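Undergrad: Dumping the structure here so I can ask a few things about it.
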Amino acid sequence: MELHVFKTAQDASQYAADMIIDLVKEKPNAILGLATGSTPELLYQNLMADYKKNHTSYKDVVTYNLDEYVGLAPEHEQSYRHFMNEHLFNGLDINMENTYVPNGLGIPEENAKKYDAILNLIGGADIQILGIGTNGHIAFNEPGVPFECTTHAVDLVPATIEANARFFDTIDDVPKRAVSMGIASILKAKKIILLAFGEAKAKAIQGMFEDEISSQMPATALRNHPNVVVLVDEAAASLLK
Ligand code: F6R
């Protein structure tokens, strides 16, 4: 894994944005794997700013997202589909039909199967963007989920529910389940860019590099991938040896 430590989250996010912009210019029908949450927000702002200024076109780009909460309709303000529309897609010329997010409504296990069928048709991402949970989860692969899993229905652990409660009125409103790409699906990407900012992520970043490779620290699976770039700020890197 290649590690870059930046002074600020904005510097790291601009670096990631430049990698995506270069890819899309070179390969207009690039496949992007995308994440939600606070971490990629600046990256997405930078992509939208570049689109406004330089008109980098996404009209032939295909995207797929890592996960979606079970029980939230696409229009729900906290659904990941809504997040992606608001934080990225509406600010680009992307064809919405080329943007895939797992379906949160209906039977999660069936939605997971359907999503895997879509991913198999599309093929692995040229670049996959990832955040990391404070417990080392990537997508919603919580500690203990086997690396071999493809898209599946997951029970969110209390730490994740608590971490995500900041987006909801009360903690009781946070969905308890999600449909998430598995680690095996994530590792199919040609290149993976993981972003992490702030002291709260320092332990997870340390674990990802220094723990033994095991499903107990899901992000250690990335050490099995040949092309991973980790972009962090100084706070997130603070516990690394
Ligand atoms: C989001 C996702 C999660 C987040 C992680 C960090 O699609 O799959 O793994 O990347 O929970 O979340 P933030 O960025 O909000 O700290």
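Undergrad: Of all residues in region 152-185, count the ones that are of a type in the set (V, I, T) and in contact with a Pro (Cβ under 7 Å, 6 or more places away or on another chain).
TA: 2
Undergrad: Shifting gears a bit: May I ask you to list the residues in region 21-74 that are among the β-branched types (V, I, T), in a loop (DSSP other than H, G, I, E, B) and either within 19 Å of N95 (Cα to Cα) or within 13 Å of the ligand (Cβ to nearest atom) (or both)?
TA: Scanning region 21-74 gives T36, T39, T56, V61.
Undergrad: Out of (1) more than 20 Å from T36 (Cα to Cα); (2) open to solvent by less than 10 Å² (accessible area, probe 1.4 Å), what's the single condition that is false for F147?
TA: The one condition F147 does not meet is (2).
Undergrad: Right, another one. Modelled with pLDDT of 95 or more, within 12 Å of the ligand (Cβ to nearest atom) and either within 16 Å of the chain's Cα centre (by Cα) or surrounded by fewer than 17 Cβ atoms within 10 Å (Cβ to Cβ) (or both): does that describe I127?
TA: Taking the combined requirement at face value, the residue does not satisfy it.
Undergrad: Further, regarding this structure: Of (1) away from the ligand (no atom under 11 Å from the Cβ); (2) touching a strand residue (DSSP E or B) at 6+ places or on another chain (Cβ under 9 Å), L156 satisfies all except one. Which?
TA: (1)
Undergrad: Sticking with this one: So which of A165, A202 ends up being assigned to a helix (DSSP H, G or I) and touching a Ser or Thr at 6+ places or on another chain (Cβ under 7 Å)?
TA: A202
Undergrad: Out of N120, N135, which single residue is polar (S, T, N, Q) and part of a helix (DSSP H, G or I)?
TA: N120
Undergrad: Condition first: touching a Ser or Thr at 6+ places or on another chain (Cβ under 9 Å) and away from the ligand (no atom under 16 Å from the Cβ). Now tell me which residues in region 75-106 satisfy that.
TA: L92, D93, I94, N98
The values are calculated or read from the model by the stated rules, or taken from the named source; none is laboratory data. Quick caveat, the model's predicted, so the values are computed rather than measured. Positions of Cβ are backbone-derived with ideal geometry, glycine not excepted, and every protein chain shown enters the neighbour counts. In case anyone asks, the SASA skips ligands and DNA or RNA and just uses the protein heavy atoms, side chains included. Shrake-Rupley method; radii C 1.70, N 1.55, O 1.52, S 1.80 Å.
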